[in-house]
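Working notes for the structure below.
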Amino acid sequence: MTTSTTAQQAPEDTHAHVDPAAQVADTSAPVTGVPVQTRSERLRSFEPADFGVPTGREVNWKHAPVARLKPLFAAAGANDGVTVEVTAGAEYVGAPLKAGEAPRGEFFVPEDLPAAIAWHGATEALHVRVPREAEVAEPIEIRITGRGADRRADGHLVIEALEHSKATVVLRHSGAAQYAQNVEIIARDGSDLTVVTVQQWNDDAIHAAAHQTRVDRDASVRHIVVSFGGGVVRVNPNLELSGAGSNGEMFGLAFSDSGQHLESQVYLHHKGPETTGDVLYKGALQGASARTVWIGDVLIGPDATGTDSYEANRNLVLTNGARADSIPNLEIQTGDIKGAGHASATGRFDDEQLFYLQARGISEDEARRLVVLGFLSETVQKIGIPALEEELTALIEKELAEGAGPIGAGA
């Protein structure tokens, strides 16, 4: 945990659109020759050249397979790698937004090279807009389908919930592509927004996504990342609780098989007073080269008095050779908070749980299956969409059934 009381206070957010061309790279980090470690001090810029090509030595790339991600370090060219279809709630989709057209860029500023490239490559952004005081009963659903593992695409999506509205937006990814994606989420005063992104790509897909969310006064956002498929999937959510009394929940679920790299670098910034935050990511790993990476950064700013925040990451390793990296970080810049904490745990099956189930006549294989389902179901049940929860539970069952040998063999 890092505690600081000397950081400069950021200016208050407004709803007025800011021209991205007028924004410059963040140069607030001290020039000492030491790499910036704190998430809040990292470079943010719309210009790809400001970042340089990652080598794997940078703090935000050292756990990523940069060689496999290399196609996303250059512009998409034809930009024909995916098709985007609104399959439910099309009436809430407005005219596409070019760079500089509000609200695109009102909050979003790229934090790495693929995001900066996608900002320019996505000449038009899909705009989901929930009207003021509207309550959308059924999820708004957007399907992103890859057209081939050798095809590149850049995408940008803006999700805007106007004052006192309520809605759920589900993003579904399938097929294969080399896809760099930006998702900008704005929850206006008093709104209640849930965003679920499901990655069910083919094994040869490469996907790097930057999700940036601003939550205004008394608004609430629930952001959920579910990754089952893809060769390399890197979804990095950034959520800022800017308004007084705002609430943010960030949940994630990853099931990594052999050869898969599933990563999330989570950033929760408590900026306004009396804000609450809850982060819970869980992962299961099955296969000798299965890999997950979770890095969680929580910043409680100098004006975030009365904050209540907690983050946790739990990983269950099912086979030998799998690897889960888990790094929680907490930075507090005020002493007037209700509470803050973080936790991380990675382990194998609990023998006592297995013994308890087997003592009641349940076979070892079935007992192991029940333990995994119970472990992951906590996250699934937080989604709040019964049909999607059932679908994800079935996907977990399928992953377990397709695993080589008994669940947990060799673990």
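The values are calculated or read from the model by the stated rules, or taken from the named source; none is laboratory data. From a predicted model like this one, the values you see are computed outputs, not experimental measurements. Positions of Cβ are backbone-derived with ideal geometry, glycine not excepted, and every protein chain shown enters the neighbour counts. Side chains included, ligands, DNA and RNA excluded: accessible areas come from the protein's heavy atoms. Shrake-Rupley method; radii C 1.70, N 1.55, O 1.52, S 1.80 Å.
What's the carbon and sulfur percent of the chain's accessible surface, probe 1.4 angstrom, rounded to a whole number?
Accessible surface attributable to carbon and sulfur in the chain totals 49 percent.
Below 8 Å, C-alpha to C-alpha, sequence gap of six or more: please give me the relative contact order for the chain in percent. Display every interim value, and only then the final one.
Numbers: 1115 pairs, mean separation 44.0, N = 411.
Over the chain, the number comes to 11 percent.
Ratio of alpha-carbon Rg to the 2.2 N^0.38 Å globular estimate for the stretch 251-326, to two decimals, please.
1.33
Which ³J(HN,Hα) values, rounded to whole Hz and listed in residue order, are derived for the stretch 333-343 from phi using the Karplus coefficients 6.51, -1.76 and 1.60 in 6.51 cos²θ - 1.76 cosθ + 1.60 with θ = phi - 60°, glycine and proline given as x?
Ordered by residue, 3J(HN,Hα) equals 10, 8, x, 9, 10, 7, x, 7, x, 8, 8 Hz.
Along the stretch 61-75, what does the Karplus equation 6.51 cos²θ - 1.76 cosθ + 1.60 (θ = phi - 60°) give for ³J(HN,Hα), rounded to whole Hz, x for Gly and Pro?
My calculation for the stretch 61-75 gives 10, 5, 9, 9, x, 4, 5, 6, 8, 3, x, 8, 8, 9, 4 Hz in order.
Can you compute the radius of gyration and Dmax for the stretch 310-411, using only the Cα atoms, both in Å?
16.9, 54
Give the long-range amide H neighbours of W201: residues separated by 5 or more places, or on another chain, with amide H under 5 Å away, using H modelled in the peptide plane at 1.01 Å from N.
Distant-sequence amide H within range of W201: F228, G229, G230.
Please give the residues of the stretch 89-119, grouped as numeric ranges, whose backbone N is less than 14 Å from a label point set 7 Å along the Cα-to-Cβ vector of A49.
Of the residues in the stretch 89-119, none has backbone N under 14 Å from the label point off A49.
Figure the gain on full extension for Y356 and R57 (residue separation times 0.36 nm, minus the Cα-Cα span) and round it to one decimal in nm. Present the calculation step by step, with values, prior to reporting the outcome.
Numbers: separation 299, 0.36 × 299 = 107.64 nm, distance 4.55 nm.
Net length gain for the segment: 103.1 nm.
Mean shadow of the stretch 82-134, computed from the convex hull of its alpha carbons, in nm²? Walk me through the intermediate numbers first.
Working: hull surface 18.9 nm².
Result: a mean projected hull area of 4.7 nm².
Quick one: among H269, H63, H207, which has the greatest mean-square fluctuation in a GNM of the chain with alpha-carbon springs under 10 angstrom?
Evaluated over the chain, the most mobile residue of the options is H63.
Please state, rounded to one decimal and in Å, the Kirkwood hydrodynamic radius that the stretch 189-317 gives when every pair of distinct Cα atoms enters the mean of 1/r.
Details: mean 1/r = 0.0671 Å⁻¹.
Averaging 1/r across every pair of different Cα atoms and inverting gives 14.9 Å.
Going from the alpha-carbon gyration tensor of the stretch 311-366, what semi-axes, largest first and in whole Å, does one get by taking the root of 5 times each eigenvalue? Could the numbers behind the result be given before it?
Numbers: eigenvalues 252, 52, 6 Å².
Values for the stretch 311-366, descending: 36, 16, 5 Å.
Ranked highest first by the average count of other Cβ atoms within 10 Å around their residues, in what order do 179-192, 356-369, 123-136 fall?
On the way: 179-192: 25.1, 356-369: 14.1, 123-136: 17.1.
The most tightly packed comes first, giving 179-192, 123-136, 356-369.
How big, in percent, is the set of alpha carbon pairs in the stretch 250-389 lying more than 17 Å apart?
On the way: 6318 of 9730 pairs.
Value for the stretch 250-389: 65 percent of Cα pairs lie more than 17 Å apart.
Could you tell me the center-to-center distance, by alpha carbons, between the stretch 143-163 and the stretch 285-313 in angstrom?
Here the two parts' Cα centres lie 25 Å apart.
Quickly estimate the mean residue ellipticity at 222 nm for the chain, helices only: each DSSP H run with n ≥ 4 gives -39500 (n - 2.57), and the total goes over all residues, rounded to 500. Mind dumping the intermediate values first?
Values: 5 runs with 55 residues, N = 411.
Result for the chain: -4000 deg cm²/dmol, rounded to the nearest 500.
Compare the peptides 92-98, 109-115 by average per-residue count of other Cβ atoms within 10 angstrom and give them in order, highest first. Before the final figure, lay out the partial values.
On the way: 92-98: 14.9, 109-115: 25.1.
In decreasing order of mean packing, 92-98, 109-115 become 109-115, 92-98.
In a Gaussian network model over the chain where Cα atoms closer than 10 Å are linked, find which of P139, P386, P54 has the largest mean-square fluctuation.
Between P139, P386, P54, it is P386 that shows the largest mean-square fluctuation.
At 1.4 Å probe radius, can you tell me the per residue accessible area of the chain in Å²? Please report the intermediate quantities before stating the final value.
Values: 16820 Å² over 411 residues.
Spelled out: the 1.4 Å probe surface of the chain, per residue, equals 41 Å².
Multiply the residue gap between R68 and H164 by 0.36 nm, knock off their C-alpha separation, and tell me the result in nm, one decimal place.
30.3 nm
Restricting to the chain, compute how many DSSP beta bridges are antiparallel as a %, nearest 5. Before the final figure, lay out the partial values.
Working: 8 of 134 bridges.
So the antiparallel bridges amount to about 5 percent of the total.
How much of the pair distance distribution for the stretch 192-254 lies past 13 Å, counting alpha-carbon pairs only, in percent?
On the way: 1212 of 1953 pairs.
Of all Cα-Cα distances in the stretch 192-254, 62 percent exceed 13 Å.
What number in nm² do you get for the chain if you take the convex hull of its Cα atoms and divide its surface by four? Please list the in-between numbers first.
Values: hull surface 78.0 nm².
Averaging across all directions leaves 19.5 nm² for the Cα convex hull.
Given R₀ = 25 Å, what would the calculated FRET efficiency be for I327 paired with E41, taking r from the Cβ atoms and rounding to 0.05? Intermediate results must be reported in sequence, preceding the final value.
On the way: r = 17 Å, r/R0 = 0.67.
Calculated transfer efficiency: 0.90.
Would you mind working out the magnitude of the charge dipole of the chain relative to its Cα centre, with +1 at each Lys and Arg C-beta and -1 at each Asp and Glu C-beta, to the nearest 20 Debye?
Numbers: 34 positive and 57 negative charges, 201 e Å.
Its charge dipole is roughly 960 debye.
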